[in-house]
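Inspection log for the structure reproduced underneath, given as structure tokens.
The values are calculated or read from the model by the stated rules, or taken from the named source; none is laboratory data. Note that this is a predicted model, so its numbers are computed, not measured. Using ideal geometry, Cβ is built from the backbone for each residue, glycine included, and neighbour counts are taken over all protein chains shown. Heads up: the accessible areas ignore ligands, DNA and RNA and are worked out on the full protein's heavy atoms, side chains in. Shrake-Rupley method; radii C 1.70, N 1.55, O 1.52, S 1.80 Å.
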Amino acid sequence: RPSRIRRRPRLAVASVIGGWRWQTAAHAARLQRIPIRVHVNGIRGKSTITRYVASALRAGGIETLAKTTGSDTRVIHPDATETPIRRRGAPTILEQIDVLRHEHRPGLGALVVECMALRPEYQRASERRMIRATDGIVANVRRDHVEQLGATLPEIARSLAATAPAGAPFYTAEADPELRAILARAAEARGGWLVTVSGDDLSEDERQGFSPLDFPENIALALAVAQRHG
């Protein structure tokens, strides 16, 4: 009997590990079937940029699934309808995996996800294990969430740079040269490159249809990603 009792915890642990490995492999396979994966990070405007990028890709005929987070967490379906996410407990970054598991479908061409992690180690895990972006965005660097991201702007920039994608463009509308340099080094360390945009570069035609209250930097970031994918 004692030997049987000792074996039960081992079987339980093995079962949990086996289940985790299966889920990880299944998630990786789903990601590989989606050719465009956009991970949106930054301090201000993430939800808006996520919506802009998804809308632009849909307008280009690409079947696109998107997810915003924050106070108004929603799944935006390829037909542009939206479903709010009802949480039973505190939010965790594992939500990103759950959404893709429930919403993945054949023919899905793009996934646009707002980063929901704060601590750098969770941001890194979100990018490297959950999204594996083909296009990364850090919209801007501002002083916020200092307990998790750092007390100074360079510290915050280094924290946000944890979502730099591997071998892919890392877009930003951040104007500060020092902060841009931090983001550029993070991108290059992963075999990628920094792409900087400015709202001042938008033409009058590109501003059409937007409110004067819409931030041109957010529009410029979405246009840059959309243009890359034709």
Given backbone amide H placed at 1.01 Å from N, residues whose amide H is under 5 Å from that of residue 133, ignoring those fewer than 5 places away on the same chain, are 166
With all protein chains in place and a 1.4 Å probe, residue 76 shows an accessible area in Å² (nearest 10) of 10
In debye, nearest 20: dipole of the chain around its Cα centre with unit charges on the Cβ of K, R (+) and D, E (-)?
2300
Looking at 122, 84, 157, which one has the Cα that reaches farthest to the positive end of the dipole of the chain (charges on Cβ: Lys, Arg +1; Asp, Glu -1)?
122
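Calculate, in whole percent, how much of the Cα-Cα pair population of the stretch 117-230 lies beyond 21 Å.
On the way: 2466 of 6441 pairs.
Result for the distance tail: 38 percent.
Could you tell me what % of all Cα pairs in the chain have separations over 24 Å? Present the calculation step by step, with values, prior to reporting the outcome.
Details: 12053 of 26335 pairs.
Looking at the chain, the distances longer than 24 Å represent 46 percent of pairs.
Where does each of 185-196, 132-143, 115-126 land if you order them by average Cβ count within 10 Å, highest first? All intermediate terms of the calculation are to be shown ahead of the outcome.
Values: 185-196: 16.8, 132-143: 24.2, 115-126: 18.5.
Those peptides, ordered most packed to least, come out 132-143, 115-126, 185-196.
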Between residue 86 and residue 144, what is the label-to-label distance in nm when each label sits 7 Å out along the Cα-to-Cβ direction?
2.9
Using amide H atoms built in the peptide plane, which far-off residues or other-chain residues are under 5 Å from residue 193 H to H?
168, 170
Using the Kirkwood radius over Cα pairs, work out the Stokes-Einstein diffusion coefficient for the stretch 44-146 at 20 °C and 1.002 mPa s, in µm²/s as a whole number.
150
Value of [θ]222 nm, deg cm²/dmol, for the chain, DSSP H segments ≥ 4, -39500 (n - 2.57) each, nearest 500:
-13500 deg cm²/dmol
